[in-house]
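Peer 1: Have a look at this one.
Read-outs: derived from the displayed coordinates by stated rules, not from any lab. Quick caveat, the model's predicted, so the values are computed rather than measured. No Cβ is skipped: glycine too gets one built from the backbone with ideal geometry, and neighbour counts run over all protein chains shown.
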Amino acid sequence: MREPRTLQEAIVHFGDPQRCFEYAVQKRWLGGQVTCPRCGQAKHSFIKTRRIWYCNPCKKQFTVKVGTVMEDSPISLDKWMTAFWAIANCKNGISSHELGRMIGVGQEAAWFMLQRIREAMKGGLMVKMGGSEGGPVEVDETFVGPNPRKMHRALEIEGR
């Protein structure tokens, strides 16, 4: 299954609910072995009509959304996958208004999706400048302050 490269391809690719479901399962369980997010067991049965699994050991049902940023969201997988694609491929970022118009949800739902996706994309590899202890940082050729030519004449006379 080839990954979409353009927004149009992403919309067509994730427009089919079955293909979208299969893509989400493939990305969620990389080895192809579906395991229960609660107990970790692989003993389950699949209910095709509702696209859910029933875990035999813990007697709970789960979907592909459980344990992900999509959990407890009524927004369908096709909209989530298109949003993931759009956020990952927009180099200048994307606003909630733009995302909402793009995938056909309200601004509030798009904001909710953006917050969750951004939180998931946040890596734990952020390091403070100056090392992990936050030591001094050396900077060359730095000017701090206003440009004197753009200041008001009264401020120039006072010497600020």
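Peer 1: Give me the distance in nm between label points sitting 7 Å out from Cα along the Cα-to-Cβ direction at residue 71 and residue 51, one decimal.
Peer 2: Using points 7 Å along Cα→Cβ, the separation is 1.9 nm.
Peer 1: Does anyone have the angle between helix 107-121 and the longest principal axis of the chain? Alpha-carbon axes, 0 to 90°, nearest 10?
Peer 2: Roughly 90 degrees between the two axes.
Peer 1: Return the FRET efficiency for the residue pair residue 58, residue 101: r is the Cβ-Cβ distance, R0 is 45 Å, and the value is rounded to the nearest 0.05. List each step's numbers first, then the result.
Peer 2: Working: r = 41 Å, r/R0 = 0.91.
Efficiency, from the Cβ-Cβ distance: 0.65.
Peer 1: Taking other Cβ within 10 Å of each residue's Cβ, how do 62, 112 sort, fewest first? Write down the numbers at each step before the final one.
Peer 2: Details: 62 20, 112 15.
Fewest to most other Cβ atoms nearby, the residues stand as 112, 62.
Peer 1: While we're looking at this one, here's another question. If the limit is 26 Å between Cα atoms, which of 91/122; 48/79; 43/122; 27/48; 65/122; 27/60 go over it? Intermediate values should be presented prior to the final figure.
Peer 2: Numbers: 91/122 16 Å; 48/79 21 Å; 43/122 33 Å; 27/48 19 Å; 65/122 19 Å; 27/60 22 Å.
The answer is 43/122.
Peer 1: Work out how much length residue 138 to residue 6 would gain on full extension: take 0.36 nm times their residue separation and subtract the Cα-Cα distance, in nm to one decimal.
Peer 2: Details: separation 132, 0.36 × 132 = 47.52 nm, distance 4.19 nm.
Stretched fully, the residue 138-residue 6 segment lengthens by 43.3 nm.
Peer 1: Which angle from 0 to 90°, rounded to the nearest 10, does the C-alpha axis of helix 77-89 make with the longest principal axis of the chain?
Peer 2: 30 degrees
Peer 1: Would you work out the relative contact order for region 74-125, in percent, from Cα pairs under 8 angstrom that are 6 or more residues apart?
Peer 2: Numbers: 25 pairs, mean separation 14.8, N = 52.
Relative CO of region 74-125 lands at 28 percent.
Peer 1: Does anyone have the angle between helix 17-28 and the longest principal axis of the chain? Alpha-carbon axes, 0 to 90°, nearest 10?
Peer 2: In the chain, helix 17-28 runs at an angle near 70 degrees to the longest axis.
Peer 1: Can you pull the percent of Cα pairs in the chain with separation above 22 Å?
Peer 2: 60 percent
Peer 1: On to the next question. Based on DSSP H runs of at least 4 residues, each adding -39500 (n - 2.57), what is the mean residue ellipticity at 222 nm of the chain after dividing by all its residues, to the nearest 500 deg cm²/dmol? Present the calculation step by step, with values, prior to reporting the outcome.
Peer 2: Details: 6 runs with 61 residues, N = 160.
Computed mean residue ellipticity for the chain: -11500 deg cm²/dmol.
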